[in-house]
Amino acid sequence: MSELFQDAWLTAAIEQAEKSWSEGGIPIGAVLAHSKTGEIVSRGHNQRVQTGDPTAHAEVDCIRNAGRRRDWRSLTMTSTLSPCCMCSGTAMLFKIPRVVIGENRSFVGAETWMRDNGIDLCVLDDPRCVALMDRLVREKPDLWAEDIGE
């Protein structure tokens with residue numbers, strides 16, 4: 001069952017978030033993994049700053065990196081932060097059945113919408129993810145405001 005793999009997936013997503021931060025970007029990361037085997041099939045990180053592409057969120061980057069496939073319904077998306085409406089819609093579009101969220105203290109994305117559309121959510125409230133976003137808000141508040149559309 002996927003709960004057995006959650007920590008490994010979240011750790012991999014955090015590594016992606018740290019990669020984005022080290023590139024001067026927003027520290028959000030995501031992975032896609034097979035729910036039964038735990039195998040990570042794709043990784044992604046927020047690249048909005050690095051590429052100038054406002055749609056280059058971690059979850060979208062991760063899905064892009066997964067390429068063409070037919071096994072979306074057997075995957076779990078893990079993200080360090082609660083997915084926004086664009087990223088949530090992308091998960092719904094590909095019928096990804098489960099999303100693990102590292103934290104939703106700093107931002108609550110489209111969680112109700114995902115649940116209403118049958119996606120199983122697991123919010124971990126992980127202190128490592130909270131610390132990532134606290135650092136962003138403290139050190140680059142203008143970038144955070146831009147990212148959430150303020």
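Can you name the residue in the stretch 29-59 that is assigned to a loop (DSSP other than H, G, I, E, B) and open to solvent by less than 10 Å² (accessible area, probe 1.4 Å) and, of all such residues, is nearest to S79 (Cα to Cα)? Taking the candidates together, the pick is N46. C129 - would you say it is under 16 Å from the mean Cα position of the chain (by Cα) and part of a helix (DSSP H, G or I)? Against the criterion (under 16 Å from the mean Cα position of the chain (by Cα) and part of a helix (DSSP H, G or I)), C129 qualifies. In this entry, T76 is excluded by the filter for residues that are of a type in the set (S, T, Y) and either open to solvent by 20 Å² or more (accessible area, probe 1.4 Å) or assigned to a helix (DSSP H, G or I) (or both).
Within the stretch 77-127, the set of residues being among the charged types (D, E, K, R) and under 19 Å from G29 (Cβ atoms) comprises R98, E103, R105, E111, D125, D126. Among the residues making up the stretch 1-28, those that are among the aliphatic types (A, V, I, L, M) and either surrounded by 14 or more Cβ atoms within 10 Å (Cβ to Cβ) or not in a helix (DSSP H, G or I) (or both) are M1, A8, L10, A12, A13, I14, A17, I26, I28. None of T76, T112, T37 is within 16 Å of Q16 (Cβ to Cβ) and of a type in the set (S, T, N, Q) except T76.
The values are calculated or read from the model by the stated rules, or taken from the named source; none is laboratory data. These numbers were taken from a predicted model, which means no experiment stands behind them. So basically every Cβ, Gly included, is an ideal-geometry build from the backbone, and we count neighbours across all protein chains shown. Areas reflect the complete protein model, heavy atoms only, side chains present, ligands, DNA and RNA absent. Shrake-Rupley method; radii C 1.70, N 1.55, O 1.52, S 1.80 Å.
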